[in-house]
1. Out of the residues in segment 36-79 that are among the small types (G, A, S) and within 15 Å of K12 (Cα to Cα), which is surrounded by the fewest Cβ atoms within 10 Å (Cβ to Cβ)?
2. Any chance segment 166-187 includes a residue that's open to solvent by less than 30 Å² (accessible area, probe 1.4 Å), within 25 Å of A22 (Cβ to Cβ), in contact (Cβ under 8 Å) with a residue 12 or more places away in the chain and part of a helix (DSSP H, G or I)?
3. Quick one: in segment 17-27, which of the residues that are surrounded by 14 or more Cβ atoms within 10 Å (Cβ to Cβ) and touching a residue at least 24 places away in the same chain (Cβ under 8 Å) is nearest to L56 (Cα to Cα)?
4. Filter segment 146-155 down to residues that are open to solvent by 40 Å² or more (accessible area, probe 1.4 Å) and among the aliphatic types (A, V, I, L, M) and give me whichever is farthest from I27 (Cα to Cα).
5. With respect to V30, determine if the residue is among the β-branched types (V, I, T), within 24 Å of L149 (Cβ to Cβ) and at pLDDT 85 or above.
6. Residues to consider are V158, V190; find the one that is open to solvent by less than 20 Å² (accessible area, probe 1.4 Å) and not in a helix (DSSP H, G or I).
7. For segment 107-129, how many residues meet the condition of being open to solvent by less than 40 Å² (accessible area, probe 1.4 Å) and either closer than 16 Å to T31 by Cα or charged (D, E, K, R) (or both)?
Amino acid sequence: MPRHVDPEERRKAVVHAAIAIAKRDDIAAVTFRSVAGEKGMSTTAVTHYVETRGDLFRLIFEHLSCDWRKDFEARLDQRDPEQALRILIDEHLVLDDLGFLRAAVWFGALVEAEIRAGLADWVRDYCHWCEGCMEDLLGRFYLPVPPALARDMTMSLVDGITAQALLAPSEWPARRQLAAVEQLLGMLGVPPRG
């Protein structure tokens, strides 16, 4: 009698293998062939559980972001807006190895989203979620500009810093990333980091 294989467990195993490859080698090394080799599966078996590379990036990003995002959403109203704003920003910077991996996967997903409609929808949904949280939090401060403009300025800066930190990590250490963000937040009237 054939043994039952739980598709969700296999999908998780594929994602874990992809994360292991990305941590060990680089996000560019994550292919269906490399994941299959890591898991001792065939490439066809891998694509049975995850259809496209874009889907794989989405699953990796969701796995890497799941815990903090659930915690953030659950406690958003209970948090001091300064603390919540900085948590949201810090999670999108490249402050440590996990941040580097998350950012590399995110930018890989952006590239894949150009050719995959379903992934593009997911990218837009995530961006809208971030924009909504950012605008809501910035709207709790007395700002010299409308909250939507403050949101756009902050998100543009964070995206730019993240791209630079991926391309030149030694030139954009965590303290430089945080200092640049703090400079902008200070100009917007957000109290300094405590």
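1. Out of the qualifying residues, it is G40.
2. There is at least one residue in segment 166-187 that is open to solvent by less than 30 Å² (accessible area, probe 1.4 Å), within 25 Å of A22 (Cβ to Cβ), in contact (Cβ under 8 Å) with a residue 12 or more places away in the chain and part of a helix (DSSP H, G or I).
3. To start, the set of residues in segment 17-27 that are surrounded by 14 or more Cβ atoms within 10 Å (Cβ to Cβ) comprises 17-22, 27.
Retained after the next criterion (residues that are touching a residue at least 24 places away in the same chain (Cβ under 8 Å)): 18-19, 22, 27.
Working: A18: 8, I19: 10, A22: 12, I27: 11 Å.
Across segment 17-27, the extreme among qualifying residues is A18.
4. The extreme case among them is L149.
5. Values: among the β-branched types (V, I, T): yes; within 24 Å of L149 (Cβ to Cβ): no; at pLDDT 85 or above: yes.
It is false that V30 is among the β-branched types (V, I, T), within 24 Å of L149 (Cβ to Cβ) and at pLDDT 85 or above.
6. On the way: V158 fails: not in a helix (DSSP H, G or I).
Matching residue, one of V158, V190: V190.
7. 3
Residue-by-condition table, conditions (1) of a type in the set (D, E); (2) within 11 Å of the chain's Cα centre (by Cα):
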| site | (1), (2) |
| --- | --- |
| P7 | no, no |
| C66 | no, yes |
| V94 | no, yes |
| F100 | no, yes |
| E114 | yes, no |
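The values are calculated or read from the model by the stated rules, or taken from the named source; none is laboratory data. Keep in mind that this is a model prediction, so the values were computed, not measured. Using ideal geometry, Cβ is built from the backbone for each residue, glycine included, and neighbour counts are taken over all protein chains shown. Side chains included, ligands, DNA and RNA excluded: accessible areas come from the protein's heavy atoms. Shrake-Rupley method; radii C 1.70, N 1.55, O 1.52, S 1.80 Å.
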